2 protein chains.
Amino acid sequence: MHELITSKANEKIKLAARVRDSAKARREEGLFFAEGARLCADAAGSTAVKTLFYTEKAAEKYGEELALLFEKSDEIYLVSGAAADRLSDTFSPQGIFCVCKTLDKSNNISIIYSKSKLIALENIQDPSNLGAVIRTAEALGVGGAVLCGCCDIYNPKAQRAAMGSLLRLPMVTVDDLPQTMAMFAERGFMTLSSTPDAAADDITKTDLGEKTICVIGNEGSGVTEATANSCLKRVRVPMGGRAESLNASMAAAIIMWELMR
Amino acid sequence: MHELITSKANEKIKLAARVRDSAKARREEGLFFAEGARLCADAAGSTAVKTLFYTEKAAEKYGEELALLFEKSDEIYLVSGAAADRLSDTFSPQGIFCVCKTLDKSNNISIIYSKSKLIALENIQDPSNLGAVIRTAEALGVGGAVLCGCCDIYNPKAQRAAMGSLLRLPMVTVDDLPQTMAMFAERGFMTLSSTPDAAADDITKTDLGEKTICVIGNEGSGVTEATANSCLKRVRVPMGGRAESLNASMAAAIIMWELMR
């Protein structure tokens with residue numbers, strides 16, 4: 001039987017809520033928070049689970065996911081009442097929560113250089129957009145992602161939208177994207193920046209090369225001029241309709257699709 | 001100066017909340033509800049606004065949109081307090097709400113037959129998905145949509161996700177989609193049903209013809225067997241990665257993109 005926590009003032013509960021709510025706490029502790037049966041199981045498949053919390057109701061309903069999580073978690077607590085309420089961040093909580101170790105990404109740049117189709121995301125600010133783009137990247141078979149100036153990948157909304165893909169897809173974070181794009185070009189990558197500008201090359205008529213990386217920019221302002229200038233080509237998605245209607249993650253999906261096509 | 005409503009028991013407020021919350025009320029009254037400066041302005045561009053409600057704060061912030069709405073609305077009320085709270089359905093209300101007439105779609109089938117690229121949506125149940133797919137269809141230049149068994153297009157969540165496109169894109173609702181697809185085939189359309197099934201034709205290698213209509217199915221269960229059987233071909237989106245990760249509206253975006261490419 002696992003130890004029961006009922007108080008929201010419990011130190012374990014307070015730590016979990018802190019890493020859930022604060023990017024700074026996640027960075028300092030090297031931990032992040034996941035909620036829900038599927039997401040916690042996905043996390044356990046990709047990283048170490050430090051603490052698992054579950055409610056009695058969850059034990060009845062999600063036996064299979066919990067059996068896996070029981071095996072993989074360092075510490076396990078049953079929660080109820082105010083403690084469970086304090087952990088939940090969703091409208092219909094499933095009663096499964098875990099605190100996981102953030103991933104060590106120090107080897108990722110060499111993995112990423114070995115892939116042939118990549119995306120770079122610059123200043124994506126909305127966590128749900130970031131999660132949705134990475135989820136689609138994984139589905140289409142994009143090899144990895146370079147992030148610069150984006151919101152925290154361990155933000156709970158990003159994790160929810162990504163359905164585990166933020167933990168599975170190789171990723172690196174860089175400070176200087178123009179310099180990074182120049183490095184990719186030196187290594188033989190075709191480097192592209194995407195833009196809605198009609199003067200850019202039609203992506204369906206552009207030779208994308210064997211190895212390609214394409215930058216996708218901020219939801220409102222697009223790719224920065226410095227980064228666009230550092231790329232070999234500018235490409236656009238030609239659109240027959242009311243182009244301003246295409247939202248950022250849909251545009252990214254079409255660019256990635258063309259990259260992989 | 002417009003008449004002020006402060007009580008949530010006011011008949012105009014009660015009608016607005018009723019058509020906001022109930023598909024049955026929308027059908028019976030021939031009315032729907034829109035909230036927010038941009039969405040109300042979009043609605044006024046596509047249909048008649050029966051009643052406009054606005055708060056004093058909105059008048060300061062959204063002067064431009066309100067000027068347009070003042071011109072186009074049959075009745076206009078200033079709202080405050082409990083009345084404004086009763087109308088709002090969002091986390092950060094802008095204080096602009098309107099009740100609009102649903103569109104007369106009786107002529108749409110002849111408009112739709114005149115287009116060359118169309119989609120049919122079968123049993124799409126999530127209003128946000130329905131709105132997102134129609135928004136993308138409009139952006140890419142798809143000519144219109146045939147709906148069968150989908151959720152109500154006037155659902156506030158669908159309207160929010162669609163950003164006005166549900167009012168602009170030609171649409172018809174049909175009861176018998178297999179019969180409708182057979183009619184499109186008789187009129188010279190290539191009729192397609194989309195499926196994740198590996199036995200289906202690769203959409204990138206399929207001759208889609210001059211005039212094409214493609215069925216996109218329910219988020220979980222896909223296109224029904226009866227409808228798939230009524231189409232000339234089954235097509236799939238070939239995916240290099242973890243295909244189960246692609247969400248329904250992203251898959252629909254890629255299908256529509258290939259249709260228009």
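Every read-out reported here was derived from the displayed coordinates using simple, explicitly stated rules and does not represent laboratory data. Since the structure is predicted, the reported quantities are computational estimates derived from the model, not experimental observations. Here Cβ is always computed from backbone atoms with ideal geometry, including for glycine, and neighbour counts include all displayed protein chains.
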Stokes-Einstein D for region B:108-260, Kirkwood Rh over Cα pairs, 4 °C, 1.567 mPa s (µm²/s): 86
Karplus-derived HN-Hα couplings along region A:204-214 (A = 6.51, B = -1.76, C = 1.60, θ = phi - 60°), whole Hz, x at Gly and Pro: 6, 10, 9, 6, 8, x, 6, 10, 9, 10, 10
Descending semi-axes in whole angstrom, ellipsoid equivalent of region B:3-101, from the Cα gyration tensor: 18, 16, 12
Placed amide H near A:THR173: partners under 5 Å, 5+ positions off or other chain: A:LEU147
Table column - 3J(HN,Hα) (Hz), region A:91-96, Karplus curve with 6.51, -1.76, 1.60, x for Gly and Pro: 5, 10, x, 8, x, 10
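Enumerate by residue number the chymotrypsin sites (Phe, Trp or Tyr not before Pro) in region B:1-98 meeting two conditions: DSSP loop (anything except H, G, I, E, B), and at most 10 other Cβ atoms within 10 Å of the site's Cβ.
Details: sites: B:PHE32, B:PHE33, B:PHE53, B:TYR54, B:TYR62, B:PHE70, B:TYR77, B:PHE91, B:PHE97; in loops: B:TYR62, B:PHE91.
Sites meeting the loop and neighbour criteria: B:PHE91.
Do any of A:LYS157/A:LYS233; B:LYS8/B:LYS57; A:LYS205/B:LYS211; A:LYS72/A:LYS157; B:LYS24/B:LYS101 go past 21 Å between their Cα atoms, and which?
On the way: A:LYS157/A:LYS233 33 Å; B:LYS8/B:LYS57 18 Å; A:LYS205/B:LYS211 23 Å; A:LYS72/A:LYS157 24 Å; B:LYS24/B:LYS101 14 Å.
Those over the limit are A:LYS157/A:LYS233; A:LYS205/B:LYS211; A:LYS72/A:LYS157.
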Net charge of Cβ neighbours under 15 Å - reference B:MET1; Lys, Arg +1; Asp, Glu -1: -3
Local electrostatic count, B:ARG242, Cβ distance below 13 Å [Lys/Arg +1, Asp/Glu -1]: -1
Taking only Cα atoms of region B:90-151, radius of gyration then Dmax in Å: 14.3, 42
Point-to-point label distance, B:ASP175-B:GLU71, nm (Cα→Cβ direction, 7 Å offset): 4.2
Cβ neighbours within 10 Å from other chains - mean over B:247-260: 5
Debye log10 I(q)/I(0) at q = 0.08, 0.11, 0.12 Å⁻¹ for chain A, Cα point scatterers: -0.37, -0.64, -0.73
Integer Hz, Karplus 6.51/-1.76/1.60 couplings in order for region A:49-61, x for Gly and Pro: 9, 7, 9, 10, 10, 8, 9, 4, 4, 5, 4, 6, 8
Student exercise, region A:150-242 dipole from Lys, Arg, Asp, Glu Cβ charges, in Debye to nearest 20: 380
Furthest towards positive pole of dipole, A:ALA82, A:LEU140, A:GLN94, structure part region A:59-165, Cβ charges: A:LEU140
Rg and Dmax [Cα atoms of region B:52-121; Å; Rg one decimal, Dmax integer]: 17.4, 50
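Find the Rg to Rh ratio for the protein assembly as shown, where Rh is the Kirkwood radius over alpha-carbon pairs and Rg uses the same atoms.
Values: Rg = 25.0 Å, Rh = 25.2 Å.
That ratio is 0.99, to two decimals.
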Relative intensity, log₁₀ I(q)/I(0), of region B:136-191 from a Debye sum that treats every alpha carbon as a point, q = 0.12, 0.19, 0.20, 0.29 Å⁻¹: -0.33, -0.76, -0.83, -1.20
Chain B: calculated mean residue ellipticity at 222 nm from DSSP helix runs of at least 4, using -39500 (n - 2.57): -11500 deg cm²/dmol
